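These notes are about the structure you will find just below.
Nothing in this text is a laboratory measurement; each read-out follows from the coordinates by a stated rule. What you see is a predicted model; the values in this text were computed from it and never measured. Neighbour counts are summed over all protein chains in view; Cβ atoms, including those assigned to glycine, are modelled from backbone coordinates with ideal geometry.
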Amino acid sequence: MIKKIFTILSCLLAAILYSQDFYSNLREKYWVYEENDPKAFIYINQYIKRAKSEKNYSELFQAYKDGILYSENKKIAYADSAISAAKNSGKNDLIGDGYLSKGAIYYFNQRKFQFALEEYLKAYEYLKDSKNEFLKYQNIYHIGVVKSYLGYYDEALKIFEECIAFFETKIDGDIHDNTVFNNTKGYLNSLHQAIICYQALGKNEEAKKMLDEAERKLPKTKDFYLEKSYFEKSLGVSEFKSKNYTQAIKYFDQALPELLKVNDFSWASYIYFYKGKSYEILGNQDLEVNNYKKVDSIFNKNKFILPELRSNYEELIEYYRKNGNHKEELYYTNQLLKVDSVIASDFKHLSTRIYKEYDTKMLMETKENLEKTNSYSKLLLFICLAIIAALGVIMFYRIRKQKNIQKNYDDLLIKLEEKNNQQETVSIPIKTEVTDSSDKNIKFDNSIVEKLLNDIQTFENNQGYLEQGLTLKKLAEQFKTNTSYLSQVINEYKGSNFNTYINALRISYATQKIYQDKEWRKYSIEHIASAAGFSNRQSFSNIFLEQNGIRPADFIKKRIKELEDQNN
């Protein structure tokens with residue numbers, strides 16, 4: 001018996017070891033590929049298939065996480081799959097790691113800082129009590145990065161100093177050891193972010209000390225070329241602040257290739273801006289403008305820019321104004337308006353701090369002046385100003401209307417979520433148990449009332465209210481009663497007359513369908529109105545607005561936009 005048990009255990013152990021060898025061997029095959037190289041998926045897809053078949057959710061999580069690294073355009077999808085696998089594993093460390101990975105995509109690949117912070121905070125809930133200190137500090141580091149980009153440099157610096165202290169104690173040893181390698185990455189990245197904060201706060205001496213420390217601790221292998229480029233970028237900024245502009249350009253040029261290789265467009269645009277400033281001071285106007293234009297090219301492609309680079313456009317506007325090139329001046333004025341819009345959206349907590357020499361009102365006036373020539377008559381100018389004023393009024397009311405729509409949409413979502421959480425049907429709740437009707441204005445027997453209430457409940461469950469042309473008389477005939485009895489029961493137990501009661505059921509049904517069913521969001525309003533039992537679009541739209549505070553067309557648009565934002 002003992003021998004048999006020993007044999008079974010030995011077989012199980014052998015199977016586990018074989019399975020682990022399978023996964024390890026696969027990872028070794030694709031680990032040699034560069035980031036974003038789709039050739040890795042020849043092996044990753046095998047990894048995923050095997051882990052799914054074995055229901056090995058920890059390995060499935062690792063496979064999807066590797067998929068994030070090698071995917072070019074589906075990183076968020078792989079991150080969501082990794083989170084799902086982690087939840088199936090029941091391991092908080094993996095769940096936290098999954099949210100952390102998704103946040104890193106929003107931060108590094110898409111520069112959506114608010115979304116990134118949401119994911120980091122979710123990760124924090126799972127990792128705050130974790131025994132895996134590396135994951136905990138990795139999460140804290142990313143929260144610090146978002147704080148830094150939002151301009152909270154003092155708060156961010158405290159976080160990075162904590163991370164430096166933690167990672168520094170774990171970087172001694174063979175750099176090829178996975179633990180030493182990961183902690184060295186964490187240490188160097190924390191140093192880089194602390195340097196950014198010191199430079200932003202004007203503490204250049206502290207930044208230089210950390211740059212010296214980075215030079216001593218940076219491994220001389222290709223695995224750390226990206227970190228090397230970040231420090232070269234920071235050295236360039238340090239030299240710029242010390243007025244050593246030629247040396248600053250040299251460091252910037254050394255840093256650029258690796259940043260462009262990994263498509264780190266935010267720091268690339270940062271370098272182009274400071275190169276432009278350096279060339280401006282050195283008197284090379286052509287190279288100055290050329291670098292400023294590269295910042296604009298990155299903005300056009302990625303719709304992202306650091307608030308610190310806003311003056312890039314002020315420099316270009318001033319350059320073309322002095323040269324009398326009103327076409328280019330107008331173009332960069334329009335670009336600056338777009339930049340302000342992006343900054344106000346992505347950095348709304350900082351929007352009041354980054355409007356410097358040009359505020360939006362001045363830019364709009366400049367734009368209008370550039371679109372007109374000095375030969376316009378006073379009358380035409382007066383007409384244009386009147387149009388601008390009218391547009392301003394229209395925009396004011398439009399913005400206010402959109403805010404009201406958004407508020408009513410949010411309120412409606414809360415109601416829908418409450419209904420769904422309580423597992424309610426689309427019907428309006430009624431009191432099906434009849435006790436004493438003396439408190440009601442009903443003059444007939446309780447047994448009749450109870451029968452009608454049961455008939456009404458069945459009618460609602462079967463969605464009989466969707467029938468077009470339904471009247472009180474028709475429903476009374478279905479219930480084998482008279483209209484007087486049915487009308488009284490509806491008035492007393494539903495709190496409304498027949499038409500209001502039916503319309504409430506129909507609107508509740510249509511609202512739930514639009515919210516839950518993507519096919520319904522493709523229908524025309526006429527189609528939805530008909531499917532919900534209404535005879536015409538206008539009546540449906542008006543009653544929908546009356547009950548939900550928002551028109552169905554606006555509700556559909558908002559729901560589609562909400563789902564698109566969640567998937568981006």
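A few points about this structure:
- Relative to the dominant Cα principal axis of the chain, helix 552-567 is inclined by about 40°.
- Gyration tensor (alpha-carbon) shape descriptor, the chain, a/c threshold 1.5: oblate
- On Cα atoms only, tilt of 537-548 relative to the major axis of the chain in degrees: 70 degrees
- Extension gain for LEU287 to ASN542 (0.36 nm times residue separation, less C-alpha to C-alpha distance): 85.7 nm.
- The range 111-214, Rg to Rh (Cα coordinates; Rh as Kirkwood inverse mean 1/r): 0.98
- Degrees separating the helix 41-54 axis from the principal Cα axis of the chain, which is the longest one: 50 degrees
- Measuring max minus min along each principal axis, the C-alpha atoms of the range 437-567 give extents of 56, 27, 23 Å (largest first).
- 222 nm mean residue ellipticity, helices alone, for the chain (DSSP H n ≥ 4; -39,500 (n - 2.57); rounded to 500): -24500 deg cm²/dmol
- Its Cα centre serving as origin, the range 220-302 has a Cβ charge dipole (Lys and Arg +1, Asp and Glu -1) of approximately 80 debye.
- Here the spin labels are modelled as points 7 Å beyond Cα on the Cα-Cβ line, and at SER487 and GLU562 they lie 3.9 nm apart.
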